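Novice: Once you've had a glance at the structure underneath, I'll fire off some questions.
The values are calculated or read from the model by the stated rules, or taken from the named source; none is laboratory data. The structure displayed is predicted, hence computed values, not measured ones. Note that we place each Cβ from the backbone using ideal geometry, even for glycine, and neighbour counts take in every protein chain shown. What goes into the accessible areas is simple: the full protein's heavy atoms, side chains included, and nothing from ligands, DNA or RNA. Shrake-Rupley method; radii C 1.70, N 1.55, O 1.52, S 1.80 Å.
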Amino acid sequence: MILSTPFLLNNGVLMKKAFLYFLLLTLSLDLLAQQKTFTLSGYLRDSLSGETLTGANVYVRDRPQIGTSSNHYGFYSLSLPAGEYAVVFSYLGFEDRIETVRLSQDQKLDILFNPGIQLEELVVEENKSLEQVQSTAMGRVDLPTDQIKRMPALFGEVDVLKALQLLPGVLSADEGGAGFYVRGGGADQNLLLLDEAPVYNSGHLLGFFSVFNSDAIKHTSLIKGGMPAYYGGRLSSVVDIQMKEGNARDYVVEGGLGLIASRLTVQGPLVEDKSSFIVSARRTYLLDLAQPFIRKTDFAGTNYYFYDLNAKVNHRFSDKDRIYLSGYFGRDILDYRSGERDFALRMPYGNNTATLRWNHVVSNKLFMNTTAVYNGYRFRLDGEQDLFSFRLNNGVRDFQLKLDTDYYPAPGHFIRFGANVIHHRFTPNILSGASGETTFTNDYKPKYGLESAVFFQDEIRISERLTTNLGLRWSRFTQIGPFRDGDKVYDDFEAVKSFDGLEPRLFLTWMLNPRTSLKFGYSQNQQYIHLVSNSASTLPTDVWVPSSLYVKPQRGNQWSAGWYKTLKDGTWNLSAETFYKSLRNQIDYHETYTSNQSTEIEEAFVFGKGQAYGLELFVQKSRGKLTGWLGYTFTRSWRWFRDIEQGRKFPASFDKPHDLEMVASYQVSRKWSLSANFVYGTGRPFTPLRSVYFIDQDLVTRYGPRNSARYQDYHRADFSANYTPKPDSKKAFSGSWTFSVYNLYNRKNPFFINYDLDSDLSAGRAKATAYQVTLFPLIPSVTWNFKWKS
Amino acid sequence: MESPNLQDQKTKNREARLFSVGILILLFMVSFFPACEVEFITRNIDLEPEIVVEGFIEAGPEALPAYVILTRSKPFFSELSPAELDALFVRNAVVTVNDGQQTTTLDELCFNELPPDLRRLAAARLGLNPDSILVNFCVYIDLNAAIKPEAGKSYHLNIVAGDQRIEASTTVPAYVPLDSLWWREAPGKPVDTLLQLMARIQDPPGQKNFYRYFCKVNEGPFETPFSSVNDDILIDGKTFDFRLIRPRQEGEEFDQSTFGLFRTGDSITLKWTSIDEAHFNFWNTFEFNKGNQGPFSSYTTIDTNIKGGLGVWGAYSTGLYRLRVAR
């Protein structure tokens, strides 16, 4: 029955076409190959833990343009004409390896990297930092976790998403919030992947902490400058987070005890060098500690906590086959109880993800990865008092199947192609409850959708100076049954409404000289699912909705250009990037919307357009005792909707024209390291009051043009110090301390404005005051970190 | 929890409550640190003041005559003197109501110009405390009760104030009464002196119904609770039991242990009304606007059915229920 429905048939036809084109291309590549080439391939790993290394460089020493890098699973493949080569293998933070390779037939060469010496520069490695200059990836940043761990953080918690917000082009709108906005795009336009599973809600505690526990994370990359055809489904960015696989050699137990939260990670081999596992957990307990006191009050039972659990297990069957099973489970739970009036409120929400992957090396040029994903986000609110009770819940649930292939057919070509299909279930705010004997419900039903895509991209070295990445993605979304629209009833999997689009992705890199390059990019993206928030901040009650009969997909186009330079042995990196983005079918709520769960949310939507443009300047020092970066971003983000203020163009709620960020880390000695960051940004826009007036003797507010005023500028400095008492200890157990201060000079940054209206018209009283409320003053924190290794 | 009233009320309250719960969490975490408030000086937006209409027409027992209060909006200020409040009232406007057959002009009445007993009467009818009126309160009112509101009829309001023209229309809906009322012990720990008021309604099926209620305690004025309006989307055609909230009196502090509960021995007059959709939208957005503050708030625009101004021209179909608070 599924096969007979139109959309999958179309998919099938297109997939056949894509396959044919691919066949022709590889055939012609083989014919074009002037010389017979042989392939050097294998896996690149960390010698201590056995973890694979993503994005490590492999190149011929005397001809650095001839090279490749390891993929997400540590696999590399380099085809060269017969001969003898000095091949360099390098990865930041590790010692280079230079191997002499006599290539007269295909060869397998796995490399184990040893950690590089952090303190002093021993060997000058020119070409390590050239990766940024040379690759076609535009607006892409790779963040290894140990770099993030050295940065200061809120309440002593190191956070991947917070670290991303310190990079140019990535804005955070709110004090402490984990939501982020990339190059003028909304919070729902970022594809957040944890081991290939999309994460819908990235924040704990209404966004103050992100859901990513950095102890479990190996590598994070952010793509903001137009994503290659490999990625899709969102308009503005990709944050691709890879969990660690687990140490394949030794058992390691590590963690930290902090004031607000603690964490514990256990990893080790199941079969040495063949399979390993990692389990990582984190939990807050501030209110748990206060429970004995709370129990004595009328609020007994009131508590708030969140937890994260990451788990992963992997097994290497052979050099050709490996499987991984990873999962994430996280929850925020708020319990509020008031005994006197028998009132109880419980609000649990969070994400679950599970990913099963199979790597298969088909040949030394063809690497295949098959992935099955389950991911979901659920929000629930239960309340009761006396005879009355209610439940509100919403969420998203996905099943996804994905096939990706990395193909290295000939020198100068790196091809990726694949397909994926996702079955979505969207649960809107379903409200149900009872008052005595009577039950009631808004009787909403979930909506279902099938999202699919095929893609093809080829990274081609056209000449010594010119590289290009040409890609095409074709995506489709169909709302499917079960569904009822008025009197029309749709069966399971019956198509209700379809959308599709071609998404070309084109990138070009031109090397001016071995250390300088210019890049250009153009990308077009479609987004079929949307998160429409009614406040300046994202809330757990916000609902993800699919495209449907009444909601069209969002579309975005981005043009970008950049200049990149590496100075002096790779220690310094400079870049300047500029972009222009246009957005269509943006969604907001109509002007008199009140969040009433008895009307369908789609009826409250209005549609419009958006625009963003900017310039990002970046200077980074990545070597030496002092490392860090300085970034300045100028961005303007605009929106306009025909049904909001007659289409007046207004700044988006996260619009931040000027944003300056400085991060620095200094290794004082083997025991001490210090780090600091400083941020400065234009104040956030807000909607000011136009006037106040009386209704029923009371003053009410009338708002002026949307986002036409701004808060004061935001600036803040944070500082932290890391102390390792016995850095050279050979013992199994080691510990260290982290002291951090958030908001070092106690800047009173505006969090929101509160209007205090005190009035009684007939009594002749009318007083109004506006207060600016600051959330976080100076906050110190201490964490003790420990590690035990077998 | 906020009143388990009709479910919509619950959900609206819930959203408002959710925001305050969010703030609760914040306050819990932040209570360890000194939260910071600094006065914020707003910059005034240079726009014309607007005329605000609060006009109502009632059909039912002891109904007030049709009346309209006309005031002006003001840019955000710090404090207004009684003289400045006086100046907010729009004087010498021509206010007429047309019921499809006849047009009635409403008479302008200002409190300072009334003899004391008439003043007292007018204050009581409008729900004001005559002793604490420090402002020259003005209202346009159908003194002779020429307009006799009827269910099903539409009433058209026309105002000429200076060179501004304002119009609006409203319909008196059919009245939907309460089926029954009874007292119940306070939820949670029972208290001798406090009871909760329960009501049952049979919502007419297949039509859109909107409700609002007022409560008068002893000799006080009619007041409305924080969440006073409800629609019937979730309870259409059902027989539904719900709790009525005692509105907070003027000057009364919020106390969670007594909130919404009635004191034994008091005399209560409950005014239960039916209103039309535009009237409902006005009070619904008004209540959201008032409850919406804080970092997770949204900018709620108060809906209006006034063309050329702000506010509402609303009709009520009313019924009165007199009760004594007792077990």
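Novice: Any chance the stretch B:262-275 includes a residue that's assigned to a loop (DSSP other than H, G, I, E, B) and under 25 Å from A:Thr594 (Cβ atoms)?
Specialist: No, because not a single residue in the stretch B:262-275 is assigned to a loop (DSSP other than H, G, I, E, B) and under 25 Å from A:Thr594 (Cβ atoms).
Novice: Within the stretch A:50-94, track down each residue that is aliphatic (A, V, I, L, M), assigned to a strand (DSSP E or B) and either open to solvent by less than 30 Å² (accessible area, probe 1.4 Å) or out of contact with any strand residue (DSSP E or B) (no Cβ under 7 Å at 6 or more places or on another chain) (or both).
Specialist: Answer for the stretch A:50-94, where residues must be aliphatic (A, V, I, L, M), assigned to a strand (DSSP E or B) and either open to solvent by less than 30 Å² (accessible area, probe 1.4 Å) or out of contact with any strand residue (DSSP E or B) (no Cβ under 7 Å at 6 or more places or on another chain) (or both): A:Val58, A:Val60, A:Leu78, A:Leu80, A:Ala86, A:Val87, A:Val88.
Novice: Additional query: Every residue in the stretch A:574-585 that is touching a residue at least 40 places away in the same chain (Cβ under 8 Å), open to solvent by 10 Å² or more (accessible area, probe 1.4 Å) and not hydrophobic (A, V, I, L, M, F, W, C), please.
Specialist: Result: A:Ser575, A:Glu577.
Novice: Of the residues in the stretch A:472-506, how many are among the hydroxyl-bearing types (Ser, Thr, Tyr), in contact with a Leu (Cβ under 7 Å, 6 or more places away or on another chain) and open to solvent by 10 Å² or more (accessible area, probe 1.4 Å)?
Specialist: Looking only at that region, the number is 0.
Novice: Between A:Thr405, A:Thr370, which is more than 14 Å from every other protein chain (Cβ to nearest Cβ), open to solvent by 30 Å² or more (accessible area, probe 1.4 Å) and at pLDDT 95 or above?
Specialist: On inspection, the qualifying residue turns out to be A:Thr370.
Novice: If B:Thr224 passes every condition in (1) surrounded by 20 or more Cβ atoms within 10 Å (Cβ to Cβ); (2) hydroxyl-bearing (Ser, Thr, Tyr); (3) touching a Phe, Trp or Tyr at 6+ places or on another chain (Cβ under 7 Å) but one, which one does it miss?
Specialist: (1)
Novice: Here's a follow-up. Regarding the stretch B:284-293, can at least one residue be identified that is open to solvent by less than 20 Å² (accessible area, probe 1.4 Å) and away from chain A (no Cβ under 11 Å)?
Specialist: No: zero hits.
Novice: Restricting attention to the stretch A:558-600, which residues are within 13 Å of chain B (Cβ to nearest Cβ) and not acidic (Asp, Glu)?
Specialist: A:Tyr589, A:His590, A:Thr592, A:Tyr593, A:Thr594, A:Ser595, A:Asn596, A:Gln597, A:Ser598, A:Thr599
Novice: Go through (1) among the hydrophobic types (A, V, I, L, M, F, W, C); (2) within 12 Å of chain B (Cβ to nearest Cβ); (3) surrounded by fewer than 18 Cβ atoms within 10 Å (Cβ to Cβ) one by one and return the number of the condition A:Phe739 breaks.
Specialist: Looking at each condition in turn, A:Phe739 falls short on (2).
Novice: Looking at (1) more than 22 Å from B:Arg165 (Cα to Cα); (2) more than 11 Å from chain A (Cβ to nearest Cβ); (3) not hydrophobic (A, V, I, L, M, F, W, C), which is the only condition B:Asn98 fails?
Specialist: (1)
Novice: Looking at the structure I just gave you, is B:Ala145 touching a Gly at 6+ places or on another chain (Cβ under 9 Å), of a type in the set (A, V, I, L, M, F, W, C), away from chain A (no Cβ under 13 Å) and under 16 Å from B:Val68 (Cβ atoms)?
Specialist: For B:Ala145, the condition - touching a Gly at 6+ places or on another chain (Cβ under 9 Å), of a type in the set (A, V, I, L, M, F, W, C), away from chain A (no Cβ under 13 Å) and under 16 Å from B:Val68 (Cβ atoms) - is not met.
Novice: Look through the stretch A:684-711, keep the residues that are among the β-branched types (Val, Ile, Thr) and part of a strand (DSSP E or B), and return whichever of them is farthest from B:Leu47 (Cα to Cα).
Specialist: Selected residue: A:Ile695.
Novice: Turning to a different aspect of this structure: Would you pick out the residues in the stretch A:336-368 that are among the polar types (S, T, N, Q) and assigned to a strand (DSSP E or B)?
Specialist: Of everything in the stretch A:336-368, those that are among the polar types (S, T, N, Q) and assigned to a strand (DSSP E or B) turn out to be A:Ser338, A:Asn351, A:Asn352, A:Thr353, A:Thr355, A:Asn359, A:Ser363.
Novice: Suppose we filter A:Thr100, A:Thr37 for residues that are over 18 Å from A:Arg416 (Cα atoms), open to solvent by 50 Å² or more (accessible area, probe 1.4 Å), of a type outside the set (Gly, Ala, Ser) and modelled with pLDDT of 75 or more; which single one remains?
Specialist: After ruling out the rest, the residue left standing is A:Thr100.
Novice: Looking only at the stretch A:305-335, count every residue that is of a type in the set (Ser, Thr, Tyr) and either open to solvent by 20 Å² or more (accessible area, probe 1.4 Å) or not in a strand (DSSP E or B) (or both) and tell me the total.
Specialist: Result for the stretch A:305-335: 3.
Novice: Whether any residue in the stretch B:143-154 is in a strand (DSSP E or B), touching an Asp or Glu at 6+ places or on another chain (Cβ under 8 Å) and either basic (Lys, Arg) or not assigned by TED's automatic domain parsing to the domain that holds B:Glu223 (or both) is what I want to check.
Specialist: yes
Novice: Here are some residues: B:Phe33, B:Phe28, B:Phe77, B:Phe19. Which one is under 30 Å from A:Ile333 (Cβ atoms), modelled with pLDDT under 85 and not in a helix (DSSP H, G or I)?
Specialist: B:Phe33
Novice: On to the next question. Go through the stretch A:427-444 and report how many residues are more than 28 Å from A:His530 (Cβ to Cβ) and surrounded by 21 or more Cβ atoms within 10 Å (Cβ to Cβ).
Specialist: Keep residues of the stretch A:427-444 that are more than 28 Å from A:His530 (Cβ to Cβ), which gives A:434-440.
Right, trim to surrounded by 21 or more Cβ atoms within 10 Å (Cβ to Cβ) and you get A:435, A:440.
Final tally of qualifying residues: 2.
Novice: Test A:Lys552 against the stated conditions and say whether it is part of a strand (DSSP E or B) and of a type in the set (Lys, Arg). Break it down into steps so the answer makes sense when it comes.
Specialist: Numbers: part of a strand (DSSP E or B): no; of a type in the set (Lys, Arg): yes.
In short, no.
Novice: All but one of (1) more than 14 Å from the chain's Cα centre (by Cα); (2) open to solvent by 40 Å² or more (accessible area, probe 1.4 Å) hold for B:Phe240; which doesn't?
Specialist: The failed condition is (2).
Novice: Which ones in the stretch B:130-148 are among the charged types (D, E, K, R) and open to solvent by 20 Å² or more (accessible area, probe 1.4 Å)?
Specialist: B:Asp131, B:Lys148
Novice: Working carefully through the options B:Ala168, B:Ala151, B:Ala174, find the one that is buried (at least 19 other Cβ atoms within 10 Å of the Cβ) and hydrophobic (A, V, I, L, M, F, W, C).
Specialist: B:Ala168
Novice: Right, A:Arg747: in a strand (DSSP E or B) and either open to solvent by less than 10 Å² (accessible area, probe 1.4 Å) or within 14 Å of another protein chain (Cβ to nearest Cβ) (or both) or not?
Specialist: So A:Arg747 fails the test.
Novice: Identify the residue in the stretch A:670-683 that is closer than 23 Å to A:Gly628 by Cα and outside any strand (DSSP E or B) and, among all such residues, is nearest to the chain's Cα centre (by Cα).
Specialist: Restricting to residues being closer than 23 Å to A:Gly628 by Cα and outside any strand (DSSP E or B), the top hit is A:Thr682.
Novice: Output the residues belonging to the stretch A:408-429 that are touching a Pro at 6+ places or on another chain (Cβ under 8 Å) and either more than 30 Å from A:Leu78 (Cβ to Cβ) or within 13 Å of chain B (Cβ to nearest Cβ) (or both).
Specialist: Once the filter is applied, which keeps residues that are touching a Pro at 6+ places or on another chain (Cβ under 8 Å) and either more than 30 Å from A:Leu78 (Cβ to Cβ) or within 13 Å of chain B (Cβ to nearest Cβ) (or both), the stretch A:408-429 yields A:His424, A:Arg425, A:Phe426, A:Thr427, A:Pro428.
Novice: For the stretch A:390-402, give me each residue that is within 21 Å of the chain's Cα centre (by Cα) and either hydrophobic (A, V, I, L, M, F, W, C) or open to solvent by 10 Å² or more (accessible area, probe 1.4 Å) (or both).
Specialist: Hits for the stretch A:390-402 are A:Val396, A:Arg397, A:Phe399, A:Gln400, A:Leu401, A:Lys402.
Novice: Follow-up. When you go through A:Tyr711, A:Tyr755, A:Tyr723, A:Tyr771 one by one, which is the residue that is under 30 Å from A:Gly628 (Cβ atoms) and within 14 Å of chain B (Cβ to nearest Cβ)?
Specialist: Sole residue among the options that is under 30 Å from A:Gly628 (Cβ atoms) and within 14 Å of chain B (Cβ to nearest Cβ): A:Tyr711.
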